[in-house]
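Reviewing the structure listed below.
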Amino acid sequence: MLALNAHQRFERLLVVVPNDALREQIAGKFETFGVLRRQECLSSRADYPIVMRLCHIPTAVDEVDQIFGSANVVVTTMQIAARADAQIQERMADHASALFIDEAHHIAAPTWARFRSLFVDRELPLPIFQFTATPFREDGRRVDGEFIYTYPLKKAQVEGYFKPIRFEAIFGLDQSEADEAIAEKLGEILQDDLSLGLNHLAMARCSTIERAKKLHQLYSRRFPQHNPVLVHSNQSARERRASLAALRRFDSRIIVCVDMLGEGFDLPELKIAGLHDPHKSVAVTIQFVGRFTRQDPRLGDATVIANTGVDDIDRSLAKLYAEDADWNTLVEALSSARIERQVRRAEMFRGFTGDLCDIPLQTLEPKMNAVAYRTTCEIWDPLQVEDLFPAGVYRGMKLNQQRRVAIFVTRNEEQAGWTTAQQATNVIWDLHMMHWDEDAGLLFISSSTKGPHDKLAKAICGDSSRRIEGEDVFRSLHGFKRLILRNLGLTHHQGRGVRYSMYMGVDVADGLDTAKQSRIKNNVFATGFLDGVPAIRGCSVKGKFWSITPVRDLTDWVDWCQGIGRLVSDSGITTDEVFKSAMRPRLISERPTAPPVAIHWPESLMTQIEERIEISFDGQVVPFAECDIELISHERTGPLRFAVTSDAHAAEFEIEFNDGGARYPQRVGPEATIKIGSAAKTLSESFGDDAPQIDFGDGSLLIYSHLYALPDGVSVEPYPTDKIVEWDWSTTNIRAESQGAEKRPDSVQRKVIEYLLSDGNLYDLIFDDDGKGEIADVVSLRVTDSLVQVTLYHCKFSGSDTPGSRLGDLYEVCGQAQKSARWRDRPNRMFAHMLKREKRRLEMGKSSRFELGTAASLKKLKASWQDYRYEFDVRIVQPGLSRSAVNEEGLHLLAGVETYLLETRAMKLRVIGSA
């Protein structure tokens with residue numbers, strides 16, 4: 001009622017709710033105007049409305065007339081309204097002067113949407129008021145409509161509608177361990193509350209029925225005195241009613257269920273929640289927790305128990321699962337923040353005017369592509385596109401004139417290709433987006449089909465509009481570092497015809513050589529690094545640009561277009577320079593002569609959730625976080641050999657080149673297998689399907705038998721000797737690298753840690769990550785308001801008692817530095833990896849890896865990791881490297897590592913050695 005304009009009067013309201021329980025609650029509110037009169041919002045002389053509860057489906061129009069003729073407010077459920085015949089529904093809409101919808105986040109459901117359309121699709125649309133505690137859906141889509149009133153959760157807490165929330169954190173990276181810990185804590189809190197005379201009940205929530213059954217067994221075994229009950233959708237209605245009745249009678253005090261108990265379910269005594277599986281969104285979590293915070297003077301505060309070790313969840317939700325999270329502050333803040341984001345989004349969408357054939361802008365999921373045009377017009381006129389399409393094809397436009405973005409949809413029918421029957425037609429809907437960058441004089445058009453792009457450009461920006469095409473499009477690849485052309489298409493004239501050739505993989509090098517002769521580059525798809533971030537881009541000589549980067553919002557697409565525009569408009573960029581900078585692949589049949597520096601896990605493993613990966617040595621399972629992949633030798637000749645290792649095992653492999661391919665047979669050690677999810681195979685087979693990458697000292701890299709070399713003429717100056725920092729190692733045994741669990745005081749690693757601790761105000765966290773699977777030997781973090789500075793220290797002991805120029809000492813630590821660059825791509829994964837390694841270290845009864853800071857502070861940072869920018873630096877610490885004795889090969893090696901780190905991840909290198 002708070003949403004109503006003071007000057008609006010409605011004779012008959014139709015109120016639709018999800019279920020019977022809410023129907024009773026809402027009807028009661030209308031009968032007494034809820035709390036409004038008690039708060040003196042209404043005069044005591046105000047008349048109460050006549051409220052009708054509609055509990056069955058009307059069977060005749062006359063019955064609808066009678067119902068609405070005898071009441072001011074009709075309250076019913078969507079199940080009743082939606083199942084009525086069409087004429088009954090239309091009659092309801094004819095009688096109502098306004099529609100109220102409670103729990104409006106359901107409005108995207110087809111039955112709800114169809115019924116509501118009866119109030120919208122009419123000559124004079126009726127007012128519709130939608131009420132919801134969560135104006136955002138779990139699928140990411142927004143509940144449409146204008147925000148006219150919001151009631152902050154903080155205000156509800158202040159005004160006594162919700163009690164405070166106590167959060168109890170447990171930490172478990174293993175699901176069974178976490179389940180046991182949550183159950184134990186739930187039973188402990190329930191017993192404590194009952195001992196205080198608080199008549200509390202508890203709920204254990206999980207995400208699947210099978211999980212619920214197992215958890216019910218767990219709770220029944222541990223707490224038989226509380227008679228745990230189980231509720232899920234596969235049970236009969238009778239079983240569910242019996243379980244809920246036992247809960248309401250307090251014969252049972254623990255209920256195990258999947259998700260929530262349905263809207264309208266109200267049981268104030270339900271005060272303890274054990275979240276065995278986190279919800280996938282903040283919205284649902286907030287709604288869920290609201291069940292436990294209802295105010296009742298006879299009851300205590302709500303308690304939520306959850307696992308802070310969870311990974312792979314929404315970043316906002318992750319803040320709730322940080323160990324020291326204040327749920328009273330965070331739930332309110334996240335709720336308000338989500339609503340504020342939705343309000344801002346609504347304001348942006350309100351910038352669009354026009355009609356788009358009932359397709360909400362919020363539902364659009366466009367691809368990242370565009371065709372670009374140069375324009376000379378002073379204004380654009382996107383509405384002209386309607387004249388380009390036949391009647392019935394153009395289905396309307398949404399236009400944001402301020403942002404100069406226009407979106408329209410077309411609908412076409414075409415004959416099915418598999419029959420000549422005229423009635424077999426395919427209906428195709430296509431999306432078209434346009435953005436005019438007035439300052440740059442560029443127009444961008446994106447379509448889900450080929451589309452009449454040239455006609456569109458001329459219609460909205462004038463006949464002088466010209467597509468950007470030819471060699472200029474390849475300027476868009478400028479700025480890529482370590483550019484690799486994955487696909488290259490060429491065209492050339494052959495007689496009177498035109499021939500097209502596509503080159504992929506190692507054949508791209510031949511294509512580039514051919515393009516210098518008689519052929520014309522047609523299209524390119526490339527990968528590389530932009531501003532220290534992996535990037536992908538495609539472009540065509542016909543003026544089309546594309547990427548596989550997802551479009552999260554329309555502003556993503558606009559920003560991407562403007563970035564492309566700046567490059568293709570820069571006449572200082574030559575396409576010859578762009579293609580000269582590309583790494584040239586070739587197929588090899590024997591190992592390269594350059595020394596290998598580093599070997600990386602296959603990229604597919606680095607994008608997997610670590611818990612899904614297991615490596616076994618003769619059947620003994622080792623967590624992936626505790627395994628490493630290492631080169632065995634850095635020699636220029638001989639077999640390329642590497643090992644997959646743990647602290648207790650080592651399996652050695654060799655790369656064999658044959659028949660234009662590569663194999664990875666295991667030569668030494670226990671049989672090594674890998675299991676990802678439920679799929680298991682030997683590591684030899686796995687590497688054959690998805691190969692590790694080997695980096696060489698000359699800047700080239702090897703994947704399978706494909707060697708990608710740096711462009712001809714590219715050379716790197718030796719690393720300047722004056723950049724090698726000299727440390728005093730007089731109190732250090734330079735032949736002892738690791739401090740170990742006993743924290744050996746004369747080790748190289750301990751020297752680094754003491755150096756960092758000497759300026760304790762500079763760092764927030766210092767972490768000993770030494771061991772198989774390490775990120776670096778020492779990781780330091782410095783956190784400011786918006787920036788996290790990460791420094792990775794890679795230590796290596798000296799091969800001799802005195803410093804010198806031994807390359808063997810240098811290659812291994814350089815390889816570790818180069819491997820660690822990948823952590824820059826995924827800071828959240830790095831934080832999770834550190835926490836897993838700390839947990840395993842403590843389980844083995846060893847000392848903590850934290851030299852400064854705590855696991856709780858790292859969890860807190862992980863929870864909000866996307867709120868920060870990151871700067872990563874690398875330090876190579878090798879006391880066996882003498883600044884005065886280092887030779888040219890060693891300096892070239894260091895220079896290659898420095899260049900790699902800068903070009904791929906914008907990471908700076910510093911080398912620490914001896915005099």
Check: Which of (1) surrounded by fewer than 19 Cβ atoms within 10 Å (Cβ to Cβ); (2) charged (D, E, K, R); (3) at pLDDT 95 or above is the odd one out, the single condition Arg826 does not satisfy?
Finding: (3)
Note to self: Tell me the residue from Asp712, Asp690, Asp764 that is surrounded by fewer than 16 Cβ atoms within 10 Å (Cβ to Cβ), more than 30 Å from Phe617 (Cβ to Cβ) and not small (Gly, Ala, Ser), please.
What the structure shows: Asp712
Note to self: With within 27 Å of Ser715 (Cα to Cα), more than 36 Å from the chain's Cα centre (by Cα), crowded, with 17+ Cβ neighbours inside 10 Å and not assigned by TED's automatic domain parsing to the domain that holds Arg822 as the only criterion, which of Arg591, Arg636 stands out?
What the structure shows: Arg591
Check: Which members of the range 193-211 meet the condition of being surrounded by 13 or more Cβ atoms within 10 Å (Cβ to Cβ), among the aliphatic types (A, V, I, L, M) and farther than 16 Å from Pro268 by Cβ?
Finding: Ala204, Ile209
Next item on the list: Could you tell me which numbered condition His7 fails, if it satisfies all but one of (1) at pLDDT below 75; (2) closer than 21 Å to Ile101 by Cβ?
Entry: (2)
Notebook entry, point to check: Checking Tyr704 against (1) among the aromatic types (Phe, Trp, Tyr); (2) closer than 30 Å to Phe579 by Cα; (3) in the same structural domain as Val778 (by TED's automatic domain parsing), which test does it fail?
Noted result: (3)
Margin query: Considering only the range 545-561, I want to know if a residue exists there that is closer than 15 Å to Gly479 by Cβ, touching a residue at least 60 places away in the same chain (Cβ under 8 Å) and part of a helix (DSSP H, G or I).
Written below: yes
Check: In the range 85-103, which residues are touching a Pro at 6+ places or on another chain (Cβ under 7 Å) and surrounded by 21 or more Cβ atoms within 10 Å (Cβ to Cβ)?
Finding: Glu103
Item checked: Evaluation of Lys580 against (1) touching a strand residue (DSSP E or B) at 6+ places or on another chain (Cβ under 7 Å); (2) surrounded by fewer than 17 Cβ atoms within 10 Å (Cβ to Cβ); (3) within 30 Å of Gly890 (Cβ to Cβ); (4) of a type in the set (D, E, K, R) (one fails), failing number -> (1)
Next item on the list: Say whether the condition of being more than 39 Å from the chain's Cα centre (by Cα) and of a type outside the set (Phe, Trp, Tyr) is met by at least one residue in the range 201-223.
Entry: no
Item checked: Tally of residues being under 16 Å from Ile165 (Cα atoms) and among the small types (Gly, Ala, Ser) across the range 180-212 -> 1
Notebook entry, point to check: Which one is farthest from Glu812 (Cα to Cα) among residues in the range 879-910 that are among the charged types (D, E, K, R) and touching a Leu at 6+ places or on another chain (Cβ under 8 Å)?
Noted result: Lys908
Note to self: Can you find a residue that is under 16 Å from Asp628 (Cα atoms) and among the acidic types (Asp, Glu) anywhere in the range 672-694?
What the structure shows: no
Next item on the list: Just give me the residues in the range 755-794 being under 24 Å from Cys814 (Cβ atoms) and touching a Pro at 6+ places or on another chain (Cβ under 9 Å), in sequence order.
Entry: Gly773, Val790
Check: With respect to the numbered conditions (1) surrounded by fewer than 21 Cβ atoms within 10 Å (Cβ to Cβ); (2) out of contact with any Leu (no Cβ under 9 Å at 6 or more places or on another chain); (3) under 24 Å from Leu757 (Cβ atoms), which one is the sole condition not fulfilled by Tyr870?
Finding: (2)
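Which of the following residues is at pLDDT 80 or above and part of a loop (DSSP other than H, G, I, E, B): Ala71, Ala93, Ala46, Ala81?
Going through Ala71, Ala93, Ala46, Ala81 in turn, the sole match is Ala71.
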Check: Are there any pairs with C-beta distances below 9 angstrom linking a residue in the range 230-258 that is among the basic types (Lys, Arg) to a residue that is assigned to a helix (DSSP H, G or I), with the two at least 6 apart or on different chains, and if so which?
Finding: Arg253/Leu190; Arg253/Leu194; Arg253/Gln225; Arg253/His226; Arg253/Leu247
Check: Could you say which residue among Arg482, Arg475 is under 24 Å from Met434 (Cβ atoms) and not hydrophobic (A, V, I, L, M, F, W, C)?
Finding: Arg475
Next item on the list: Being among the β-branched types (Val, Ile, Thr), in contact with a Gly (Cβ under 9 Å, 6 or more places away or on another chain), over 13 Å from Tyr719 (Cβ atoms) and surrounded by 18 or more Cβ atoms within 10 Å (Cβ to Cβ) narrows it down to one of Val886, Val877, Val897, so name that one.
Entry: Val877
Margin query: Taking the conditions exactly as written (closer than 27 Å to Phe696 by Cβ, β-branched (Val, Ile, Thr), out of contact with any helix residue (DSSP H, G or I) (no Cβ under 8 Å at 6 or more places or on another chain) and surrounded by fewer than 22 Cβ atoms within 10 Å (Cβ to Cβ)), does Thr784 satisfy them or not?
Written below: no
Notebook entry, point to check: Since Ile445 meets every condition but one in (1) part of a loop (DSSP other than H, G, I, E, B); (2) crowded, with 20+ Cβ neighbours inside 10 Å, which condition does it not meet?
Noted result: (1)
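Against the condition over 30 Å from Leu631 (Cα atoms), among the hydrophobic types (A, V, I, L, M, F, W, C) and in contact with a helix residue (DSSP H, G or I) (Cβ under 7 Å, 6 or more places away or on another chain), how does Val597 come out, does it pass? Reasoning before the result, please.
Details: over 30 Å from Leu631 (Cα atoms): no; among the hydrophobic types (A, V, I, L, M, F, W, C): yes; in contact with a helix residue (DSSP H, G or I) (Cβ under 7 Å, 6 or more places away or on another chain): yes.
For Val597, the condition - over 30 Å from Leu631 (Cα atoms), among the hydrophobic types (A, V, I, L, M, F, W, C) and in contact with a helix residue (DSSP H, G or I) (Cβ under 7 Å, 6 or more places away or on another chain) - is not met.
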Checklist line | Per-region count, the range 467-511, residues in a strand (DSSP E or B) and either at pLDDT 95 or above or under 37 Å from the mean Cα position of the chain (by Cα) (or both) | finding: 14
Notebook entry, point to check: So how many residues does the range 361-385 have that are under 17 Å from Lys450 (Cα atoms) and either part of a helix (DSSP H, G or I) or aromatic (Phe, Trp, Tyr) (or both)?
Noted result: 2
Next item on the list: Go through (1) in contact (Cβ under 8 Å) with a residue 60 or more places away in the chain; (2) surrounded by fewer than 20 Cβ atoms within 10 Å (Cβ to Cβ) and name the single condition Glu843 misses.
Entry: (1)
Next item on the list: For the range 723-771, name all the residues that are assigned to a loop (DSSP other than H, G, I, E, B), under 28 Å from Thr899 (Cα atoms) and charged (D, E, K, R).
Entry: Asp728, Glu737, Asp769, Asp770
Check: Looking at Ser780, Ser820, which one is in contact with a Ser or Thr (Cβ under 7 Å, 6 or more places away or on another chain) and closer than 20 Å to Tyr763 by Cβ?
Finding: Ser780
Check: Among the residues of the range 214-223, is any over 25 Å from Ala178 (Cβ atoms), assigned by TED's automatic domain parsing to the domain that holds Gln175 and among the hydrophobic types (A, V, I, L, M, F, W, C)?
Finding: no
Notebook entry, point to check: Out of curiosity, is Leu881 part of a strand (DSSP E or B), touching a residue at least 60 places away in the same chain (Cβ under 8 Å) and not aromatic (Phe, Trp, Tyr)?
Noted result: yes
Notebook entry, point to check: From the residues in the range 689-722 that are closer than 14 Å to Leu640 by Cβ and assigned to a loop (DSSP other than H, G, I, E, B), which one is farthest from the chain's Cα centre (by Cα)?
Noted result: Gly697
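The values are calculated or read from the model by the stated rules, or taken from the named source; none is laboratory data. Just so it is clear, the structure is predicted and the values come from calculations on it, not from any experiment. Virtual Cβ from ideal backbone geometry, glycine too; neighbours counted across all protein chains shown.
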